[in-house]
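Please treat every number below as a calculation from the coordinates, not as lab data. Computed from a predicted model, the values in this text were never measured in an experiment. Virtual Cβ from ideal backbone geometry, glycine too; neighbours counted across all protein chains shown.
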Amino acid sequence: MRKTVIILSIFTLIVSSCGQTTRKQTETESDIQNFQDTIIVKQRNTVRKSDSTWISKSYSYYWIAGKDTLNFAINLSEYKRSGEFGLDVRRYYREPMLFPDVLEKIKACIPLIEEDFDISKLTTLVFNEPIFYLDLITKLSNEYQQEFGRKSVDFRVFNQFLLKSNLTPEFNNLLVLLNKKVRIYGFEKFHIIEKKDYEHFLPNTDFSDYPEFTFNAHAGIGVSLENRQ
């Protein structure tokens, strides 16, 4: 079996975290775990003064392979008043990925997240737009067409569709580890797009395996969570 080292170390990048934080060189003790051939680097971010009244802390987790920073990161920010926090994977990759791979990366980070956050206070997950996940939109487009054809539906109907779709079990397979489950989805500005328009979202991509239509959301896929009873 191949082994990977997850290392918590000094790591500095100049990037933004959802427009709320700036990066800071951070020292932590090394912690070694096994997970494929990738290094995961945890970094505490410096919260901007303008955000410090409502954000108590922010962390990022970067994937490193060899000498290269992979185009993927997880970001978390905790709110001062409630202690709740959200997990966001947007902005750090603009290329297609398999949705289960994203969920596996989140799963791999759980032990590191638990070092600095009360995992019971995790309330939201945010992902890139659906079109970034070919496997996901293929399944959901087929399910959607069977139920609605290509017509648009209002958000409440669409949310009920998602809750009973194959998407929810995929999330809940991860969330059961956290004693959480999906409460509601947030697809801001949900709309249907045709295959001929996909290139506007993913330029220089081969769309031969993509469905003839799918739905998209400008702000990505939002998932609101609740505790399991």
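Taking a straight Cα-Cα cut-off under 19 Å and skipping sequence neighbours fewer than 8 places away in the same chain, the aspartates and glutamates within cross-link reach of K121 are E78, E84, D88, E226. Over every Cα atom in the stretch 131-229, the radius of gyration and the widest Cα-Cα span, Dmax, amount to 14.1, 46 Å. Taking Cβ atoms as reference points and 13 Å as the exclusive limit, the residues near E226 contribute a net charge of +4, counting Lys and Arg as +1 and Asp and Glu as -1.
Neighbour counting of Cβ atoms within 10 Å sorts the residues Y62, Y185, fewest neighbours leading, into Y62, Y185.
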